[in-house]
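For reference, the structure discussed in these notes is given below.
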Amino acid sequence: MYLCSQMAIERLIISLCLTLCLSLPSRAAAIADSLGNGCPVVEMPVQRLPDLNIARAGHATVAAGGEIVVFGGHTHGFVPTPTAERYSNGVWHVMPMVYTHDQALMVPLHTGRILLAGGHEQSLGIGQTFTLELYDPATHTFEGFGCLDTKRAYADGTALGGGKVVISGN
């Protein structure tokens, strides 16, 4: 006899529904969430981009200045990388950052620039950092400035009106 949690049963049902829906024509496919609300399945064209120049995880990704930009993260051996990459003209271009930002926060600002803050201080996800920097997609440059009041990793943030940013979590 096997005992399953309610969450495990719901995941199994959703998985079976998705499998069924993906086998149907996209116009006829629809699934329901746990509240019975319909969730249409929409066919989307997929394009595989070339691999990044630097393998990374724990990074942040955003569309900025008409390009896809990947910030920080860690490479093989869980070593934080002080680099970013932008996808332009079918190629990834490596850019040096001022600081490493492994599992840090990224906030798109109303000015079009991107705020990067915090992250792990050392390899293997050890410690947190105070560091802040701005990425300007118009010039593809990074500018380091100031520090957070608290070291943070796994934090989140959002831009408010008037140039203010709220940062929470750690």
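What follows is calculated from the coordinates using simple rules that are stated; it is not laboratory data. Note that the structure is a prediction, hence the values are computed from the model and not measured. Note that we place each Cβ from the backbone using ideal geometry, even for glycine, and neighbour counts take in every protein chain shown.
Projecting label points 7 angstrom from Cα along Cα→Cβ for THR158 and HIS140 puts them 3.3 nm apart.
About its Cα centre, the dipole of the range 55-140 is roughly 80 debye, where the only charges are +1 on Lys and Arg Cβ and -1 on Asp and Glu Cβ. Of the trypsin sites (Lys or Arg not before Pro) found in the range 111-170, the ones in coil according to DSSP and having at most 10 other Cβ atoms within 10 Å of their Cβ are LYS164. Pairwise Cα distances in the range 60-168 exceed 16 Å for 55 percent of all pairs.
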